[in-house]
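The values are calculated or read from the model by the stated rules, or taken from the named source; none is laboratory data. The structure presented is a predicted model; accordingly, all values stated were derived computationally and were not measured. Reconstructed Cβ throughout: ideal geometry from the backbone, glycine too, with neighbour counts over all protein chains shown.
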Amino acid sequence: MAAERGAYVIAVVNRRQSDITTKADGVFYTSDGRDIEMAVASTKAFYSQIIAGHLLALFLARILGTLSAERVAVELRRLEQTPELMRKVLAGQERIRLAVEKTARHKRYWAVVGSGPNKAAADEIRIKLSELCYKTISSDVIENKKHIDLSAEPLIIVCAAGNTEAVTGDVVKDTAIFKAHKSGVVVFADEGETRFDAIADAVIPIPKAPMPIPVILNTVAGHLFGYFAACGIDEEALFLREFKSHLNLVMVEQTRRHMTLFESIADGRLRRLVNDFTVRFNRLRCSGAFSLTGVRTISDLILLLKYASGKLPLEDFRRDFLTAGTTSPIDLLDETLGHAVDELSRPIDAIRHPAKTVTVGTSRKETPLKGVIFDLLGELAFSARSLLSTNVTAVSVLQRAVAAINGYTLYTINHLDAEGKPGEEATIAIAGRGGISAAMRSRAETSGRLMGTKKGIVASGHIYVGRGKSDGAPLIIIPLLGGDDLVRHLLLIHVNFNEALSVWERKEILGERVNDIRDLIQEYNLPWDERELGKVPVAILLGEPAEVIAGLIRENVR
């Protein structure tokens with residue numbers, strides 16, 4: 001269009017045989033590096049075109065006679081100093097890295113500003129920061145920035161090196177305004193300039209040079225800033241990626257062993273892994289790390305770590321993660337870690353533009369809960385979700401000691417208070433029976449009031465193991481949740497316990513309670529012999545406190 005209107009066109013271009021060379025009257029080849037690159041807005045092209053533009057200006061000034069040959073020679077000698085000055089900026093990269101560590105991770109929003117020629121440096125730095133750090137970053141003229149956008153309290157990179165004294169004085173004032181609005185401020189300033197020291201979070205000294213060289217030097221410093229910022233963000237992704245890898249190994253092992261969700265969460269190896277990671281994760285998070293992670297991602301991670309380590313009840317998991325469906329907290333933790341890694345991964349590559357890292361987690365189908373009690377629950381249309389999460393493990397342990405189920409009574413509980421606790425108005429009614437229970441009389445048939453042991457079970461949510469008050473028959477009473485996660489049913493099961501259980505099996509069922517029994521026996525100044533556990537009826541081992549069991553063993557030893 002310019003040529004059609006009579007203009008002469010000069011193309012400043014890197015690649016030979018570029019399309020624009022056929023449309024231009026003259027071509028200035030910069031030949032910066034490989035001249036076969038196509039459609040790549042490279043850093044070296046930016047630097048080269050600044051030099052090329054200045055050379056053209058000097059050449060035109062010489063033709064027009066506005067500059068003397070001596071002045072042009074001085075300008076050319078100054079341009080020849082550019083590579084050495086760039087090397088000085090590169091030599092100060094440790095100071096830039098420390099500035100990144102101090103400022104970048106603490107601010108979500110970033111901006112780059114410059115005045116006059118340095119606005120071009122700000123624009124170029126903005127492009128490189130966006131490419132390397134996957135962020136939407138603004139650039140602006142310093143004078144405009146002080147009037148807008150400061151409510152976000154961003155990190156502002158100020159390209160101030162090379163400005164005249166009058167402009168620098170104004171930039172100092174503007175930087176003070178940025179800081180007053182609680183922005184983080186990093187200033188690229190001329191060596192020896194001290195006015196920014198008291199108001200900026202970090203000052204990066206830039207070798208003094210006349211224009212247009214400071215535009216290049218500011219940009220070199222900005223590119224280094226972007227590089228170290230991207231590396232810092234990627235280190236956070238690596239931290240999460242390593243934990244995800246260890247978690248996957250544990251998940252694969254649990255799947256191989258056909259562990260249920262509740263057994264998986266109770267697995268000591270998983271808990272140690274999650275707890276150790278949580279300590280380090282929170283330490284980094286409190287120091288400002290993961291600020292570029294999505295708010296939902298980071299909050300989900302914090303919650304899921306608690307669920308995966310068994311610190312929160314699983315019934316709350318379904319309320320906190322409504323879209324989780326049948327996904328377990330461990331699977332969802334693995335999936336959320338993948339999202340966090342994607343949000344933080346910043347691959348640094350000189351050829352390819354950044355691309356998202358693909359993470360592949362281990363997807364598992366939940367192992368169905370099996371055993372005589374779980375089978376009965378299934379027949380009565382109840383699932384593991386009907387149990388308090390702490391009771392799922394208890395049922396898994398209990399049913400190992402059950403030789404047979406002789407019958408059951410299913411009760412319905414109503415009129416609980418607002419917190420799900422049984423008050424004076426609470427009622428109980430029989431909803432179903434089976435086996436020997438069908439021929440038994442129940443107090444619920446004559447009085448609908450919830451009382452006694454059953455009321456205590458509803459209040460505590462704990463499983464009861466013991467003997468019937470009238471016939472002394474062994475039984476188990478399990479509280480069951482309704483759709484509102486309150487105890488809405490009790491399942492009373494008449495059982496026969498397996499008295500042939502070995503001492504080792506009895507110890508496994510008792511768990512930590514074995515230590516309590518042993519301590520009490522030793523308190524009686526009696527020797528501890530775990531074989532005595534084999535002489536105690538299973539119903540007493542499961543249903544009585546450690547003091548009663550220790551008392552029986554004491555009598556047997558005497």
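Some notes on this structure:
- Hey, A52 touching a Ser or Thr at 6+ places or on another chain (Cβ under 7 Å), crowded, with 18+ Cβ neighbours inside 10 Å, over 30 Å from R285 (Cβ atoms) and not assigned by TED's automatic domain parsing to the domain that holds L344 or not: yes
To keep it simple, each residue is scored yes or no on (1) outside the structural domain of G222 (by TED's automatic domain parsing); (2) in a strand (DSSP E or B).
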{"residue": "L85", "(1), (2)": "yes, no"}
{"residue": "R105", "(1), (2)": "no, no"}
{"residue": "S130", "(1), (2)": "no, no"}
{"residue": "S139", "(1), (2)": "no, yes"}
{"residue": "I157", "(1), (2)": "no, yes"}
{"residue": "G162", "(1), (2)": "no, no"}
{"residue": "V171", "(1), (2)": "no, no"}
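- Qualifying residue in the stretch 389-407 (condition: among the charged types (D, E, K, R), modelled with pLDDT under 85 and out of contact with any Ser or Thr (no Cβ under 6 Å at 6 or more places or on another chain)): no
- Total residues in the stretch 517-528, condition surrounded by 15 or more Cβ atoms within 10 Å (Cβ to Cβ) and in a helix (DSSP H, G or I): 4
- Some residue of the stretch 60-70 being more than 17 Å from M211 (Cβ to Cβ), among the basic types (K, R) and outside the structural domain of T30 (by TED's automatic domain parsing): no
- Only helices (runs of 4 or more DSSP H) whose full extent lies in the stretch 229-339 are considered here, and the ones with at least 3 residues that are in contact with a Pro (Cβ under 8 Å, 6 or more places away or on another chain) are 295-308.
- Within the stretch 70-102, being in contact with a helix residue (DSSP H, G or I) (Cβ under 9 Å, 6 or more places away or on another chain) and not aliphatic (A, V, I, L, M) holds for R71, E75, R78, Q81, T82, K88, G92, Q93, R97, E101.
- Count of residues meeting criterion [within 30 Å of L132 (Cβ to Cβ) and of a type in the set (F, W, Y)] in the stretch 262-315: 3
- Filtering the stretch 103-120 to residues that are touching a helix residue (DSSP H, G or I) at 6+ places or on another chain (Cβ under 6 Å) and either among the β-branched types (V, I, T) or farther than 20 Å from V158 by Cβ (or both) leaves V112, V113.
- Odd one out for K208, checked against (1) under 15 Å from G92 (Cβ atoms); (2) buried (at least 23 other Cβ atoms within 10 Å of the Cβ): (2)
- Of the strands (runs of 3 or more DSSP E) lying entirely inside the stretch 406-512, the ones with 3 or more residues being touching a strand residue (DSSP E or B) at 6+ places or on another chain (Cβ under 7 Å) and either buried (at least 19 other Cβ atoms within 10 Å of the Cβ) or free of Cβ contacts under 8 Å to residues at least 24 places away in the same chain (or both) are found at 427-435, 474-481, 487-497.
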